[in-house]
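Peer 1: Provided herewith is a single structure, encoded as structure tokens, for subsequent inquiry.
The values are calculated or read from the model by the stated rules, or taken from the named source; none is laboratory data. Everything numeric here is computed off the predicted structure, so don't read it as measured data. Every residue, glycine as well, gets a Cβ built from its backbone with ideal geometry; the counts of neighbours run over all protein chains shown.
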Ligand code: IPE
Ligand code: IPE
Ligand code: MG
């Protein structure tokens, strides 16, 4: 328990294949995925993980069939309403990263409502990446920097890593120490490219609806076996940890 990540980012993948394997509709996979999210949040809380960032809907997911998009947007509103009390009980605030303007009003309203109700929570945050992609976020950051330089608020030479971080959606949130992707693919799919620069990556074949407490614990134990060197040598790291 003494080396639990503060922030875990998750790519919740495999809902569709989970449903297909049982001869069910993809939307039922997403429905089961919402329950898996609840289970995972409880488990993360038990471990003392303070920040969880979940890839819920990517910019690229807007290219899915409209029927599936509608089901996902409905589920987002439903899940957020259902989880609000739970978040309050655990003192966890909801945050959303992504292009909220593209969301249907009902999903947006449920999210805004939960964000407002949990804004005072201090223990940690559940961050939902919705209508999010890293390239969208980084492009927006570049626009903000350009505006700030043009307006004379900062000079070009003042553009440093902090100036970049502050203009990303994740301003104020520590970078994830661990990124988990379920569903068997070993790719990042346009997720948190800046923020995961030094994250440990954990890939599992388990489909997201089957990812429970035991699976999260496995991922954390695997993380704890890694030596995070940040460019240094193993001997240096071991001397620092003595
Ligand atoms: C992840 O599951 C959820 C979203 C992308 C919204 P998928 O829907 O991508 O499931 P697979 O990858 O088709 O199995
Ligand atoms: C990534 O999953 C996005 C989410 C989990 C929300 P996808 O299933 O959309 O990723 P790709 O397209 O297979 O890389
Ligand atoms: Mg997928």
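Peer 1: Kindly list the number of the only condition in (1) without any contact (Cβ under 8 Å) to a residue 12 or more places away in the chain; (2) part of a loop (DSSP other than H, G, I, E, B) that fails for residue 49.
Peer 2: That leaves (1) as the condition not met.
Peer 1: Going by the conditions given, is residue 144 at pLDDT 95 or above, under 30 Å from residue 63 (Cα atoms), away from ligand 2 (no atom under 16 Å from the Cβ) and assigned to a helix (DSSP H, G or I)?
Peer 2: yes
Peer 1: From the list 50, 3, pick out the single residue that is away from ligand 2 (no atom under 14 Å from the Cβ), under 23 Å from residue 195 (Cβ atoms) and surrounded by fewer than 14 Cβ atoms within 10 Å (Cβ to Cβ).
Peer 2: 3
Peer 1: Mind telling me which of the residues 12, 40 ends up being touching a strand residue (DSSP E or B) at 6+ places or on another chain (Cβ under 9 Å) and either without any contact (Cβ under 8 Å) to a residue 24 or more places away in the chain or within 11 Å of ligand 2 (Cβ to nearest atom) (or both)?
Peer 2: Answer to the selection: 12.
Peer 1: How many residues does the stretch 102-119 hold that are exposed (fewer than 15 other Cβ atoms within 10 Å of the Cβ), over 17 Å from residue 173 (Cβ atoms) and in contact (Cβ under 8 Å) with a residue 12 or more places away in the chain?
Peer 2: Count: 4.
Peer 1: Let me ask something additional. State whether the residues of the stretch 83-94 include one that is within 13 Å of ligand 2 (Cβ to nearest atom), closer than 26 Å to residue 213 by Cβ, at pLDDT 95 or above and out of contact with any strand residue (DSSP E or B) (no Cβ under 9 Å at 6 or more places or on another chain).
Peer 2: The answer is no, given that none of the residues of the stretch 83-94 is within 13 Å of ligand 2 (Cβ to nearest atom), closer than 26 Å to residue 213 by Cβ, at pLDDT 95 or above and out of contact with any strand residue (DSSP E or B) (no Cβ under 9 Å at 6 or more places or on another chain).
Peer 1: What are the residues in the stretch 192-221 that are away from ligand 2 (no atom under 16 Å from the Cβ), in contact with a helix residue (DSSP H, G or I) (Cβ under 7 Å, 6 or more places away or on another chain) and over 17 Å from residue 37 (Cα atoms), if any?
Peer 2: Those that are away from ligand 2 (no atom under 16 Å from the Cβ), in contact with a helix residue (DSSP H, G or I) (Cβ under 7 Å, 6 or more places away or on another chain) and over 17 Å from residue 37 (Cα atoms): 194, 200.
Peer 1: Name the one entry in 26, 31 that is crowded, with 19+ Cβ neighbours inside 10 Å, without any contact (Cβ under 8 Å) to a residue 60 or more places away in the chain, more than 25 Å from residue 193 (Cβ to Cβ) and near ligand 1 (Cβ under 9 Å from one of its atoms).
Peer 2: 26
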